[in-house]
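The values are calculated or read from the model by the stated rules, or taken from the named source; none is laboratory data. Not measured: the values here are computed from a predicted model. Using ideal geometry, Cβ is built from the backbone for each residue, glycine included, and neighbour counts are taken over all protein chains shown.
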Amino acid sequence: MSTTNVPGQEYLTRRVLSMQESQTMRITGLANKMKAEGKNIVSLSAGEPDFPTPDHVNQAGIDAIRAGFTRYTANSGIPELKKAIQEKFRRDNGIEFQENQIIVSNGGKQTLANTFLALCQEGDEVIVPAPYWVSFPEMVRLAGAEPVILNTTLESDYKITPLQLEAAITPRTKILVLNSPSNPTGTVYSETEVRALMKVLEGRNVFVLSDEMYDMIVYGGVRAFSPARIPEMKDWVIVSNGVSKTYAMTGWRIGFLAGPKWLIDACDKIQSQTTSNPNAIAQKAAVAALIGDQQIVEDRRLEFEKRRDYMYEALNGIPGFRTALPQGAFYIFPSISGVLGKTFNGVVMKDSADVAEYLLKEHYVATVPGDAFGAPENLRLSYAASISELEEAIKRIRKAFQ
């Protein structure tokens, strides 16, 4: 962010000035503005399911309102929800946490921000594999620490290796961020791969912040494996998750964090002085989501898998595009190196931002440039859209780069 000729910005802190605006939110906002102007936009930029919140979850929220459950709750979440989260971890992830090892927050972003604020200070380093979710480096900077980026490639399936991790660790390393299934690549680390990375960290006093928000959206028989299942790392792994993606509850803003009690207590303190408790009504709805019939999760996962298969075949058929097959989440992250440096309809494609802007303004397809994720030769496309919308988007992208 530049302070040139902007009155008042000289008073802002270095932490805020070092941060960037969320590109996903910016692109989504621009796409919505163009839609409001009457443009026929096909949006593949938003990181949220296109499915509605399940009916029984909505009903639980309505019932909470009618019952007058609209006041402050315990700062770290209601006991009923913590018990449901405990059962979720046990049922879906094979992890045991005590109730006092769990805090409920206003979305997954807050759980992550609380963790960085509790653990990091000036001089600390946080290892962040790239491509990364847009907010990881910015949250690290906000906490005063320095993100250390480990780059990966399409050929490595966007996964870091134990050798890379070993080489990146210094006496200042405080946290390794592990996001599996990954936003933006859809990469899922296998159990063998997770265990190999954790072996590097044994005895190193380095925490692992495991962002598992997409743990139930996986394909082809793949299962997400949490590093919290490894006994040797039990005291060093912090797990972040939520109901946003699995249950199509992005706007309800319920995330949860589990880890060592002393850290959860610290996050509780931070939350008490920033936002206080998460939304009371949304907490009741989250209970219904977690303890209710899980068949809807499987039905929607199967639909996402069909869309993934379509996008994988279609994008690899466009000259200049190459993509790996995502194993989880609902994003696909093609390399667009084959179109960079070329000119289409008089527009030079210098980088992914140029490509994304060209697709949106000239062909009405909203994507997110890869530089927002630390990968300037890629685009992120969400396939949380109907097959007909995806087909239309592919038709427009193919036409754009003829």
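Please work out which residue is farthest from Ser272 (Cα to Cα), limiting yourself to region 111-144 and to residues that are polar (S, T, N, Q) and out of contact with any helix residue (DSSP H, G or I) (no Cβ under 7 Å at 6 or more places or on another chain).
Top of the filtered list is Gln121.
Restricting the first residue to region 363-377 and requiring it to be over 29 Å from Gly38 (Cβ atoms) and part of a helix (DSSP H, G or I), which pairs with a second residue that is modelled with pLDDT under 95 and among the aliphatic types (A, V, I, L, M) meet a Cβ separation below 8 Å and a spacing of at least six or different chains?
Asp371/Ala353; Phe373/Val134
Which pairs have Cβ atoms under 7 Å, sit 6 or more apart or on different chains, and link a residue in region 163-188 that is free of Cβ contacts under 8 Å to residues at least 24 places away in the same chain to one that is of a type in the set (A, V, I, L, M, F, W, C)?
Gln164/Leu150
With respect to Ile85, determine if the residue is part of a helix (DSSP H, G or I), farther than 30 Å from Tyr383 by Cβ and modelled with pLDDT of 95 or more. Working first, answer last.
Numbers: part of a helix (DSSP H, G or I): yes; farther than 30 Å from Tyr383 by Cβ: no; modelled with pLDDT of 95 or more: yes.
Answer is no for this residue.
Do we have Val200 as touching a Pro at 6+ places or on another chain (Cβ under 9 Å) and without any contact (Cβ under 8 Å) to a residue 40 or more places away in the chain here? Reasoning before the result, please.
Numbers: touching a Pro at 6+ places or on another chain (Cβ under 9 Å): yes; without any contact (Cβ under 8 Å) to a residue 40 or more places away in the chain: yes.
It is true that Val200 is touching a Pro at 6+ places or on another chain (Cβ under 9 Å) and without any contact (Cβ under 8 Å) to a residue 40 or more places away in the chain.
Mind checking which residues of region 345-389 are closer than 20 Å to Gly317 by Cα and touching a Phe, Trp or Tyr at 6+ places or on another chain (Cβ under 6 Å)?
Asn378, Arg380, Ser382, Tyr383
Could you check, for region 291-303, whether at least one of its residues is crowded, with 23+ Cβ neighbours inside 10 Å, touching a helix residue (DSSP H, G or I) at 6+ places or on another chain (Cβ under 9 Å) and at negative phi? Walk me through how you get there before you give the answer.
Pass one, region 291-303, residues crowded, with 23+ Cβ neighbours inside 10 Å: none.
No.
Given the residues Leu165, Leu150, which is the only one that is buried (at least 18 other Cβ atoms within 10 Å of the Cβ) and assigned to a helix (DSSP H, G or I)?
Numbers: Leu150 fails: assigned to a helix (DSSP H, G or I).
Residue meeting the stated conditions: Leu165.
When region 88-107 is examined, which residues are found to be outside any loop (DSSP other than H, G, I, E, B) and surrounded by fewer than 19 Cβ atoms within 10 Å (Cβ to Cβ)?
Of everything in region 88-107, those that are outside any loop (DSSP other than H, G, I, E, B) and surrounded by fewer than 19 Cβ atoms within 10 Å (Cβ to Cβ) turn out to be Arg90, Arg91, Glu99, Asn100.
Is it the case, given these coordinates, that Ala288 is out of contact with any Lys or Arg (no Cβ under 8 Å at 6 or more places or on another chain), crowded, with 20+ Cβ neighbours inside 10 Å, modelled with pLDDT of 95 or more and of a type in the set (A, V, I, L, M, F, W, C)?
On the way: out of contact with any Lys or Arg (no Cβ under 8 Å at 6 or more places or on another chain): yes; crowded, with 20+ Cβ neighbours inside 10 Å: yes; modelled with pLDDT of 95 or more: yes; of a type in the set (A, V, I, L, M, F, W, C): yes.
Yes.
Is it fair to say Glu155 is more than 25 Å from Asn114 (Cα to Cα) and acidic (Asp, Glu)?
Numbers: more than 25 Å from Asn114 (Cα to Cα): yes; acidic (Asp, Glu): yes.
For Glu155, the condition - more than 25 Å from Asn114 (Cα to Cα) and acidic (Asp, Glu) - is met.
Here is a list: Leu325, Leu340, Leu315. Which entry is crowded, with 17+ Cβ neighbours inside 10 Å, in contact with a Phe, Trp or Tyr (Cβ under 6 Å, 6 or more places away or on another chain) and not basic (Lys, Arg)?
Just a single option satisfies the conditions, and that option is Leu315.
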